[in-house]
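The values are calculated or read from the model by the stated rules, or taken from the named source; none is laboratory data. Predicted, not measured: the structure shown is a model, and the values here were computed from it. Every residue, glycine as well, gets a Cβ built from its backbone with ideal geometry; the counts of neighbours run over all protein chains shown. These accessible areas exclude ligands, DNA and RNA; they are computed on the full protein's heavy atoms, side chains included. Shrake-Rupley method; radii C 1.70, N 1.55, O 1.52, S 1.80 Å.
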Amino acid sequence: MKDKILAVIQTTNLSPTLSNKSLIKINKQTVLEIIYKRLKSSRKISDIVAATTVSPEDDSIIKECRRLKIKYYRGSTENVLERIYKAAVLNKAEYIVKILGNYPLIDVKSIDDLILQHIKRKADFSYNEHFKGIIYGMGCEVITLNKIKEIFRLNLNYEQLESGTLFFKQHSGDYKLFKQKCKLIRPNYKLALENLKDLALIEEIFKKIKNPNFKKVVEFLDLNPVLAKMNKYESIKEVGLDKIFLFPEKIKAVKSVFNNGKIDLTYPISIELSLTNKCNMHCVWCSDKKLRERYPYDLAKEIIFKLIQDLKIGGTKGIVIEGGGEPTLHKDFEEIAEAIKQKNLSIGLITNGTNQIKLKTLEKIDWIRVSLDASSKVEYHNYKGREIFEEVMKMAEHHPLIGVGYVVTKYNVENLEILIFRLKEYQVKYLQLRPVIDREDLSYEGDLSYLKKYETENFDIILEGMEENKEAGNNNLPCVAHSLTSVISADGSVYICGRLNIYDWFNPIGNIKLGSFLKIWRGEKRKLQSKKLLENEFCQKYCPQCRISKFNLFFKNLEKVETSNFI
């Protein structure tokens with residue numbers, strides 16, 4: 001008896017990026033019509049159904065289904081899993097092929113191949129859209145009905161219900177998953193219809209290629225690299241070099257170092273402040289373990305309050321509360337945040353996201369970066385030492401300007417795409433990837449640029465640090481930009497560089513327990529160390545990988561400009 005294989009087209013007009021996607025016309029046919037006709041050419045699919053919602057917004061989809069004589073099922077607006085499962089049960093399916101309704105370029109041969117392998121391998125869940133698979137926007141998923149029936153009966157969270165099949169990927173150890181690979185790997189290409197740029201590219205493909213399939217599309221985009229990049233988003237960067245332009249006075253002060261060799265005595269734009277060396281994590285790559293052993297204490301709030309007053313008067317704009325350890329473990333964390341805000345200084349917070357922060361405190365913080373560093377609960381447990389991955393993920397739901405920091409190792413890159421889909425669902429602003437430092441045994445050397453295809457105008461993937469922060473030796477340049485920031489550790493020590501303090505001989509320039517930041521910043525110790533940092537040879541010999549290197553290169557390139565009075 002032939003297996004009953006049902007293609008379920010997951011479609012709705014409810015979209016935050018491009019409404020009515022399935023009903024947009026390409027070559028006088030709606031996207032839904034194109035998908036349906038392409039699926040009908042499959043040799044493996046037995047039947048096709050469109051699964052949409054009961055929302056009145058989707059009445060037009062039902063009208064189109066009736067015109068095309070497509071079976072349909074209407075269900076919950078938020079529970080995609082329910083729509084897929086019930087559509088399959090009503091149509092007596094044994095296997096479900098999940099097709100997204102904004103994929104007009106689905107590749108039928110790849111679908112048939114995936115179905116064949118899924119059944120042959122007796123898999124529970126199979127998919128072909130990933131880093132080493134088919135182009136994003138041309139793939140599908142195959143699920144065995146009995147397995148989707150199992151998870152349908154579980155008490156799943158909103159995210160798992162809304163995505164439909166995320167649960168399988170989150171619990172890969174409990175199910176037999178098959179991840180089909182392709183020979184023509186093009187991870188940088190994107191053909192999912194999510195915005196008007198995508199639409200323009202897809203229209204061009206249909207215009208230039210008769211009966212487009214995966215091979216033809218790859219060949220076409222390879223021959224037209226400019227066209228292949230036309231749907232790439234350039235989002236606003238919350239992390240990176242560009243923000244230096246917001247501080248013209250500081251640029252002027254640092255440039256003068258090149259001209260006359262004098263030390264820049266203007267206050268740092270922002271301060272990196274460690275409140276405590278206590279930490280509740282056990283990250284295998286942590287570079288602060290020795291620091292915590294030497295001084296496992298908090299910085300007293302009275303000292304911090306004096307510092308805040310000093311920084312405000314001196315012209316510092318913001319304070320980044322970080323570690324050392326986990327800053328929210330400081331017993332006076334909320335009171336310190338209140339004090340910073342009262343002085344009209346901006347507050348950034350770098351946290352591991354494990355501690356609940358009071359709403360009134362969250363409202364005072366301008367931005368939060370959660371150090372996640374794992375894309376699954378298994379990775380989180382193996383490399384950060386605790387089984388709280390899902391709890392940390394929920395941190396992203398509670399703040400309007402939150403980003404995720406991610407230390408990339410060779411052990412945590414496999415499921416980055418799955419993580420990105422989840423972060424976008426949470427409306428996280430950005431994912432910042434940076435290399436592991438001081439641990440060559442964990443280093444990852446692969447190219448992650450393919451992840452940029454997932455960017456939107458509301459979600460940024462920041463990869464610059466993967467390259468900019470890799471080179472040691474400060475590009476053989478003097479560190480004129482060290483005055484952009486300063487680091488204050490939980491024992492009160494002030495450092496002009498947060499990376500050179502890996503050396504025992506690189507001493508702090510002072511301690512805020514013993515004197516004001518003003519005296520320290522303009523004192524003799526700081527001047528002597530600054531002069532050292534202005535020596536090319538010193539930086540070349542001692543500077544480890546550092547995020548300030550890109551700023552030094554920026555100022556060096558400014559000095560090379562010979563026509564500065566012209567645009």
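Data for the structure
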{"quantity": "Protection-proxy order for peptides 342-349, 139-146, each taking the mean of Cβ atoms within 10 Å per residue, highest first", "calculated": "139-146, 342-349"}
{"quantity": "From phi via Karplus (6.51, -1.76, 1.60), per-residue ³J(HN,Hα) for segment 263-279 in Hz, x at Gly/Pro", "calculated": "6, 6, 9, 5, 5, x, 4, 9, 10, 9, 10, 8, 7, 8, 9, 6, 9"}
{"quantity": "Cα-only radius of gyration and Dmax that characterise segment 157-220, units Å", "calculated": "16.4, 44"}
{"quantity": "For segment 359-469, diffusion coefficient by Stokes-Einstein and Kirkwood Rh (Cα), 10 °C, 1.306 mPa s, µm²/s", "calculated": "109 µm²/s"}
{"quantity": "³J(HN,Hα) computed for each position of segment 159-174 - Karplus, 6.51 cos²θ - 1.76 cosθ + 1.60, integer Hz, glycine/proline x", "calculated": "4, 5, 5, 5, 7, x, 10, 4, 4, 4, 5, 6, 10, 4, x, 9"}
{"quantity": "Relative contact order (%) - the chain, alpha-carbon pairs under 8 angstrom, separation at least six", "calculated": "11 percent"}
{"quantity": "Accessible-area value, LEU359, 1.4 Å probe, nucleic acids and ligands omitted, Å²", "calculated": "110 Å²"}
{"quantity": "Additional length obtainable on full extension of the chain from LYS229 to LYS360, 0.36 nm per residue less Cα span", "calculated": "42.9 nm"}
{"quantity": "Cα-based equivalent ellipsoid of segment 324-396: semi-axis lengths in Å, sorted from largest, via gyration tensor", "calculated": "26, 11, 10"}
{"quantity": "Placed amide H near GLY353: partners under 5 Å, 5+ positions off or other chain", "calculated": "SER371"}
{"quantity": "Low-density loop cleavage sites - GluC sites (Glu not before Pro) in segment 276-366, where at most 14 other Cβ are within 10 Å (DSSP)", "calculated": "GLU363"}
{"quantity": "Order by protection proxy (mean Cβ within 10 Å, highest first), peptides 501-509, 310-318", "calculated": "310-318, 501-509"}
{"quantity": "When segment 415-458 is reduced to its Cα atoms, the Kirkwood hydrodynamic radius in Å", "calculated": "12.1 Å"}
{"quantity": "GLU94-LEU68 FRET efficiency (beta carbon distance; Förster radius 30 Å; 0.05 resolution)", "calculated": "0.75"}
{"quantity": "P(r) of the chain over all Cα-Cα pairs, binned every 20 Å from zero, in whole percent", "calculated": "19, 46, 27, 8, 0"}
{"quantity": "Square roots of 5 times each gyration tensor eigenvalue, C-alpha, segment 111-235, largest first, Å", "calculated": "31, 18, 12"}
{"quantity": "Cα-based Rg / Dmax (Å) for segment 456-567", "calculated": "16.3, 49"}
{"quantity": "Once the Cα gyration tensor of segment 1-45 is diagonalised, semi-axes √(5λ) in Å", "calculated": "26, 14, 5"}
{"quantity": "Sequence ranges 415-421, 447-453, 101-107, ranked by mean other-Cβ count within 10 angstrom, highest first", "calculated": "101-107, 415-421, 447-453"}
{"quantity": "Estimated vicinal HN-Hα couplings, Hz - segment 318-335 in sequence order (Karplus 6.51, -1.76, 1.60; Gly, Pro = x)", "calculated": "x, 10, 9, 7, 8, x, x, x, 9, x, 6, 7, 5, 5, 10, 3, 5, 5"}
{"quantity": "Segment 521-567: Cα Rg divided by the 2.2 N^0.38 Å rule of thumb", "calculated": "1.48"}
